[in-house]
Amino acid sequence: MRPFVLFAFWATVLASSSGAASGATRPPLDQPTAWSAGDPTSPAAAFEIGGRSVVRLPCNFSDGIERAYWDADVALDLAEARGIRFQLYCGKPEPIGGFTFYFRAGDAWYSAPFSLDAAEQWCTVAIDKLDTTVEGAAGGWTRIDRLRLAAWRGADEDTELYVAGFAVVRGPSTSGRGDGEDARIVLVRAESAAGDARTVKDTAQRVGRFLDDLGVPFVPVSDLDLSPARLEGKRVAVLPYNPDMSAEATDALRTFLQHDGRLVSFYTLPEALAIAVGLQRGRHVSQPRPGYFASIRPTESAAGGLTGLPPVTAQASWNIIEWVARSQPSRGASAGQAGDRPQQAAGVAATWYDVDGNPTGHPAIVVTDRAAHMTHILLRDDPANKAVLLLAMIGRFLPECWEQAATTRLARAGAIGPFRDFDSARRGIRERIDGGAGDDLLTAAEALHAQARAHVAAGEYAEALARTGQLRETLTRAWCAVQSRGARDEFRGFWCHDAFGVAGMTWDAAARILAENGFTAVFPNMLWGGAAYYPSDVLPVAPEVKARGDQLAACVAACRKHGVQCHVWKVNWNMGARASADFKARMKAAGRTQVRLDGAPENGWLCPSHPENQRLEIDAMLEVAAKYDADGVHFDYIRYPDRATCYCPGCKARFEAVLDRKIADWPRGLAADPALTAQWLEFRRAQITRVVAGVSEALRARKPRVKISAAVFRNAPVDRDTIGQDWRLWCEKGYLDFVCPMNYTPFDADFERMARRQRAWAGDTPCYPGIGLSVWPDSEGVARLIEQVNITRKLETGGFIVFNYGPREATEILPLCRLGLTRR
């Protein structure tokens, strides 16, 4: 601990929070008495710095606790806030596997992970409501009664945190940009939608990030908190994806519309609101083939025109709901496949085009005098144009947003990679240029910057945004072009979660793109716990194979043709949505599915201790190696779902057989005896390891050239107990040829800490860190990928693997990598 660093922090915090912090209200959380430690966490304590108190939070991980956490009881109305902001210091973050911040509202908890930018310095932590996941039945944000800060064990070593400067952020973003009091836009998150919480969260988060990127202020509000009072003074309500809405929320929005409010909405819309804005629902249309809905392009209709729509916005949608202006005749509300092209209705601002650039005739954006509605949700591909498309929809009703967006985009045009503005980006790139494309690209960027400034000065905001988009793209290309390419024998892999490859492409095209852009391996997900996407004699064959053919054969052939390694990815134990209902029912009837600690069934997962399940897993992976010329087989989900599984009658009987005695009070009796708990955890590990060892031993004997690898959780010392995944042992025993920890964090400091430890745990086994490109927030992209790939090179891992190979990665990310990072 360095006192001068702490003192410098307090000078900054006191200056920024002494009445001058726009939009922030300090709750009384800077005293240790506000925080109570969870059992068996050590209590909070006071720590004096420059006459002021911060809170010391000791993490007693040497006691073996899974997490250290502290609760603060509060009474906060965060319905119109962006979130919480505070300062945190940790001198030794290595023992910490991650952080989570929680908000409790009644019986529900809202939670969000966070990280530290660096060790041994004070870091600002911003928790955005839009980043939270709901645990339990959401209750809205009006009555937050408890906050919780948790640090998860990463190693059996003690460390400590220091926190201070807690503030509720009521501005448009947790970073404090803008003034929330002036926000004219409300973004409605559909927390009442119980069945599709992941998509609800992702779409609301995506739209919020687009607005932040544009510098357009907004207030995020749960649909559970909507009321006429919350909407007072607002001009536009945005519904990013709201599949369910209560009568109260619908009535609040109808009142808002009656008082000159306007609506920007996506995909679904309650009938009452559709009537209020003059829209009528038509058919649900599924794509008849991949690539049918591939891009959005503006129409030339004066009635439906939207100022500033990009000429082409890429979006690989799989279905839409047609909407028309209510004055037009509906084509019916029944679901159907795309067939005859519909007549273009007045009020259609943009239509869908297919992957070959042909118009489908289906509406993409429909407008009335009170609403702009898109017929699908906003997806993550083509984020630069998506933001402008959203701006055009909102700008129809709030024209002043164009000036805000143009000036903001110009100011942030150079915010790529480690740079924060155009001048720093220009200097940083110039220092690394060694002739070639980078020089030309930087010269072009300088010209675009001058043009964008001139357009802003002239009040030509749509034109300015077009230029800043080109400027950012050109600067990004220049940054990519000055990257080092790495060693020629570097392993560069991509996981592909879809057995059919990249949507809209053949396996031949997908493999060719990988090879052309310097990637050496693909990991296609061809097997699940109860489904195979090839003619299997071991697993049930997915019904799609009959219509679309043997996907594994197609993938292997494409990889051989283009010189790309094919490591066949199997999801172990987890049947997911891929297995048929009949197969799942048969597994449950045979006592082969899992049971949770509380007795609830875990019907989607096979029990790892059941001998027939172990045989199924081993035989399925050996079949792949025997039938196909694959380079490797790849374990995934080679674990239990969590610590609370599996406690089925079979597990009890098999564990008692190992102990050679009966266990009273199953399963609660396990926790009463620490020695018995240790034996139980070892039993769980042994079931998982038996499958890994079985595949390894058989393949070493039958086909030794086939590589064996595994996608694993990132924290080996903890995960061996919580999920039974002892991958450090698998490396020690030589069961694996390489291991791929899934380090899906957008935080570079976290990524480096994790990868450094994992390389040590893997010992002599190559460790290729997994990079979570496709699960990062949408604002992250190739610049973050560059930073994390360079970390793997700094640590000399010998390679890396990226999740997930999809349309955006194939068409946007890989060509940028080829400029420098993976240049051949």
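Structure data summary
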| read-out | value |
| --- | --- |
| FRET efficiency for Val658 and Asp107, using Cβ-Cβ distance with R0 set to 45 Å, rounded to 0.05 | 0.70 |
| Residue-level accessible surface for Asp660, protein heavy atoms, 1.4 Å, Å² | 130 Å² |
| Nitroxide proxy distance, nm - points 7 Å out along Cα→Cβ at Asp244 and Ala698 | 4.3 nm |
| Exposure ranking of Ser484, Ser53 by accessible area [1.4 Å probe, largest first] | Ser484, Ser53 |
| Theoretical gain in end-to-end length, Glu66 to Ile433 [0.36 nm per residue, Cα-Cα removed] | 127.4 nm |
| Dipole in debye (nearest 20) - segment 671-824, about Cα centre, beta carbon charges: Lys, Arg +1; Asp, Glu -1 | 680 debye |
| Given charges at beta-carbon only (K, R positive; D, E negative), |dipole| of segment 28-171 in Debye | 460 debye |
| Förster radius 41 Å - calculated FRET efficiency between Asn603 and Ala547, Cβ distance, rounded to 0.05 | 0.90 |
| Label-point separation in nm, Glu400 to Arg143, each point 7 Å along Cα→Cβ | 3.6 nm |
| Nitroxide proxy distance, nm - points 7 Å out along Cα→Cβ at Lys733 and Ala447 | 6.3 nm |
| Selection from Leu814, Ile321, Ala392 lying farthest towards where the dipole of the chain points positive, charges on Cβ | Leu814 |
| Whole-percent carbon and sulfur share, accessible surface of the chain, 1.4 Å | 49 percent |
| Gyration tensor (alpha-carbon) shape descriptor, segment 100-209, a/c threshold 1.5 | oblate |
| Distance violations [Cα-Cα > 26 Å] among Lys570/Lys627; Lys386/Lys561; Lys201/Lys386; Lys588/Lys707; Lys546/Lys707 | Lys386/Lys561; Lys588/Lys707; Lys546/Lys707 |
| Extension reserve of the Ser286-Ala585 stretch, reckoned as 0.36 nm per residue once the Cα distance is removed | 104.7 nm |
| Fraction of beta bridges assigned by DSSP in the chain that are antiparallel (%, nearest 5) | 60 percent |
| Residue-span extension gain [Leu676 to Lys794] - 0.36 nm each, minus C-alpha spacing | 38.2 nm |
| Only Lys, Arg (+1) and Asp, Glu (-1) charged, at Cβ; segment 750-824 dipole about Cα centre in debye | 260 debye |
| Three-way shape call for segment 424-530 based on the alpha-carbon gyration tensor, with the a/c threshold at 1.5 | oblate |
| Prolate/oblate/rounded label for the chain (Cα gyration tensor, a/c 1.5) | rounded |
| Å² of accessible area per residue within segment 232-273, as computed with a 1.4 Å probe and no ligands counted | 39 Å² |
| Placed amide H near Val169: partners under 5 Å, 5+ positions off or other chain | Arg82, Gly83, Ile84, Arg85 |
| Residue (of Leu785, Gly64, Leu269) at the positive-pole extreme of the chain, dipole from beta-carbon charges | Leu785 |
| Surface accessible to a 1.4 Å probe, Leu622 within the full protein complex, Å² | 20 Å² |
| Most to least accessible of Asp73, Asp421 (protein chains only, probe 1.4 Å) | Asp73, Asp421 |
| Rounded to whole Å, sorted largest first: equivalent-ellipsoid semi-axes of segment 654-793, Cα gyration tensor | 33, 21, 12 |
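The values are calculated or read from the model by the stated rules, or taken from the named source; none is laboratory data. These numbers come from a predicted model, not from an experiment. For neighbour counting, all protein chains shown are included, and Cβ atoms are generated from backbone atoms with ideal geometry for every residue, glycine included. To get the accessible areas, we keep the full protein, side chains included, count just its heavy atoms, and leave off ligands, DNA and RNA. Shrake-Rupley method; radii C 1.70, N 1.55, O 1.52, S 1.80 Å.
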